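What follows draws every value from the coordinates through simple rules; no lab data is involved. Since we're looking at a predicted model, the values are computed, not measured. A quick note on method: Cβ atoms are made from the backbone with ideal geometry, for glycine too, and the neighbour counts reach across all protein chains shown.
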Amino acid sequence: MTKIWKKYILYFAQEHVDHRVAEFESLVKLFSLQFRCLTDHILKPFWIVEFPNDEAALKYSSRSVCLRAIFELWSHGHTAPEFHKRLGAYVDTHKSEVAGYFKPDISFKITVESYNKHFSQREKIDKIETMDYLPIEGPVNLKSPLVEWWYIEFWGLDPTAVPPVPDDIMFGRLLAQGQRHLIKELSLKQRKFIGNTSMDAQLSLLMANQAMVRDGDLVFDPFVGTGSLLVSAAKFGAYVLGADIDFMMLHARCRPSRITQKVRDKDESVRSNLKQYGCADRYMDVVVADFSNPLWHRRLCFDSIITDPPYGIREATEKVETKGTAKENTRTPDMAHYPSTSHYSLQHLYTDLLEFASKHLKMEGRLVCWLPFHRDDYSEELLPHHTHLQLVANSEQTLTGNTARRLLTYEKTKEYNNDETELSARLTKIPTPPSCNEFRQRYFNNAIESRQERRMRKAEQREIGRLEAIKRGKVPADARSKKCDLNKARFD
Amino acid sequence: MKLSTYNFLTSMAIKGVKVGYPLKLTINKKEVVETEFNATFVERLLPKLDWSAIYSAAQVVELTDDIPAVQPENIAENEQLMQKLHHLLFEIDVLDGQLECPETGRVFPITDGIPNMLLNEDEV
Ligand SMILES: C[S@@+](CC[C@H](N)C(=O)[O-])C[C@H]1O[C@@H](n2cnc3c(N)ncnc32)[C@H](O)[C@@H]1O
């Protein structure tokens with residue numbers, strides 16, 4: 001006997017499309033949901049999915065950030081006649097279930113949504129009227145209807161090749177919204193403590209979903225910065241711990257990132273960010289520490305590790321320098337907070353990160369992190385791997401020019417053993433990916449410069465540019481307004 | 001720094017240090033921040049904690065009347081002890097103080113509630 005499952009329309013935001021599948025798979029696993037996906041074209045903003053019941057569908061929508069809304073599917077057709085025939089048939093065969101929605105005292109609303117084609121209000125009303133066979137008796141209430149149906153037309157994905165008729169016509173009863181309101185709620189624009197590399201709310205939430213964060217979990221970010229990844233994990237109920245090499249950052253004494261702000265407020269901190277969102281109780285601690293050195297007790301075990309390691313573009317990849325390479329004059333006796341640092345190559349950093357995760361994650365716990373790539377030379381073999389971790393998701397976000405970063409999700413599949421021989425075996429299995437290896441170098445398309453050299457070169461270029469502009473009779477734009485624009489662009 | 005975090009920190013990165021645990025805690029200034037008691041979370045955290053370091057933290061904050069020197073069995077069933085552990089581990093916030101490596105005496109300062117575990121280049 002096959003179980004009778006219900007069909008649902010999943011309506012996604014057409015943004016970060018590549019992360020959508022990964023999120024769906026993580027959430028069905030998080031809630032142990034059974035499902036059948038009836039849409040094979042995953043780029044489509046509408047999927048038709050079967051779940052055993054509404055409870056399962058609601059669990060999924062209670063966490064999805066990619067999802068706009070979920071609907072109980074009443075009809076789906078590729079042509080208008082097919083669609084109407086099926087809608088009529090649905091109402092006939094589901095009499096007892098649907099009768100309640102049609103009662104005289106049940107107010108309703110029908111929303112018309114068309115994807116990739118615009119319709120006027122008049123045209124939309126015409127479309128609603130094609131369904132006049134629905135035995136609706138209640139009054140219309142556009143503000144707060146008791147039941148809301150959506151009539152949806154999908155006109156393809158390509159705005160330059162809109163088909164003559166819609167590919168899909170669907171009708172469903174709104175069951176629940178997704179969690180996109182959280183994107184606004186946790187927006188960086190209103191956040192107390194932010195930095196140049198704070199992760200935007202949407203991607204942070206996606207990362208927490210990839211990590212399958214549950215209420216009462218313990219989550220760690222070894223490159224915590226302003227704690228943007230911990231904010232979303234805490235929002236989903238995790239207790240959070242972070243570390244960062246940057247003393248000034250953790251103490252919020254670095255330069256403010258908002259152009260409108262001259263000095264940082266006294267109470268800026270990762271902790272105040274959590275407080276802002278009502279998660280103060282979930283704050284464990286942040287610690288100033290260099291990830292390239294061992295620090296944490298062997299017993300410490302995390303449910304997940306969520307992190308955005310430094311790529312060396314907007315912030316330096318650095319680690320405390322060892323004696324042999326020390327620069328001169330980098331220390332004064334009272335400078336305890338500033339040991340000199342040297343370049344921490346991405347390859348070493350990811351090797352350390354995977355090894356750390358295999359040691360400190362619980363079994364089946366997840367490591368979620370970003371890895372930058374040049375789109376030209378990306379191939380899956382270049383991804384770092386580890387004998388104790390399995391790559392379970394890998395999705396791309398394109399950045400400027402030819403660069404992209406990939407959101408990687410690893411799951412711990414094997415218990416870590418402190419055995420020395422095993423350790424060496426494990427380490428040799430981490431490849432040295434040539435491209436992710438020196439991303440920074442490739443990004444700038446020149447050899448690694450020290451930050452000092454780079455500053456000097458930039459300043460020189462600026463000066464040349466300024467002089468040239470003056471020669472051409474231009475009044476040079478002041479740096480401050482330029483920065484303002486940059487800042488705006490970043491948060492729009 | 002909470003005393004739960006204290007339980008996790010080591011100085012094992014220092015050259016020549018074997019265990020680097022537990023660190024010696026000194027508190028100059030602390031604060032009690034009331035937080036919601038979550039029995040499940042305390043219970044889940046227990047296996048990650050080292051009892052001797054829990055007890056030495058209790059000694060520093062003079063709560064040895066609340067915390068036994070030896071880990072009792074079935075703590076999770078002892079609601080009162082769980083509450084006291086919650087208070088010790090999550091509600092006491094060390095604002096100013098230091099952590100000291102038991103083997104080398106190297107001091108890690110805690111300022112504004114944040115421990116600084118960085119080492120200088122010649123120490124690692
Ligand atoms: C891409 S940023 C992460 C930003 C963070 N997600 C946030 O919300 O602000 C990388 C961070 O890694 C830190 N970092 C760089 N090298 C490090 C190291 N060796 N150990 C620990 N942290 C390091 C930098 O100070 C920076 O804050």
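Counting every C-alpha pair in the stretch A:146-220, the share spaced more than 15 angstrom apart comes to 73%. Evaluated at q = 0.19, 0.21 Å⁻¹, a Debye calculation over the C-alpha positions of the stretch B:1-81 (equal weights, vacuum) places log10 I(q)/I(0) at -0.98, -1.16.
Using only the Cα atoms of the stretch A:82-126, build the gyration tensor, take square roots of its eigenvalues as a ≥ b ≥ c, and label the shape rounded, prolate or oblate: rounded if a/c is under 1.5, else prolate if a/b is larger than b/c, else oblate. Display every interim value, and only then the final one.
Numbers: a/c = 3.20, a/b = 1.57, b/c = 2.04.
It is oblate, given that a/c is not under 1.5 and a/b is not larger than b/c.
Relative to the longest principal axis of the Cα atoms of chain B, helix B:51-60 runs at roughly 80 degrees. Over the stretch A:167-258, the fraction of Cα-Cα pairs per 5 Å bin, rounded to whole percents and listed from the shortest bin up, is 3, 13, 21, 20, 17, 10, 6, 4, 3, 2, 2, 0.
Cβ under 11 Å from A:LEU67's Cβ, A:LEU67 left aside: what net charge do those residues give with Lys, Arg +1 and Asp, Glu -1?
Numbers: positive: A:ARG20, A:ARG63, A:ARG68, A:ARG180; negative: A:GLU23.
Taking every other residue near A:LEU67 into account, the sum is +3.
Using the Cβ of B:ILE92 as centre and a radius below 9 Å, the other residues enclosed give a net charge of -1, where K and R count +1 and D and E count -1. Here the stretch A:1-160 is treated as a Stokes sphere of Kirkwood radius computed over C-alpha pairs; at 20 °C and 1.002 mPa s its diffusion coefficient rounds to 125 µm²/s.
Over chain B, Cα pairs under 8 Å with separation of 6+ residues give a relative contact order of 38 percent. Under the convention that each Lys and Arg Cβ holds +1 and each Asp and Glu Cβ holds -1, the size of the dipole of the stretch A:6-179 around its Cα centre is about 280 debye.
For B:PHE37, nonlocal amide neighbours, meaning residues 5 or more places apart or on other chains whose placed amide H falls under 5 Å from its own, do not occur.
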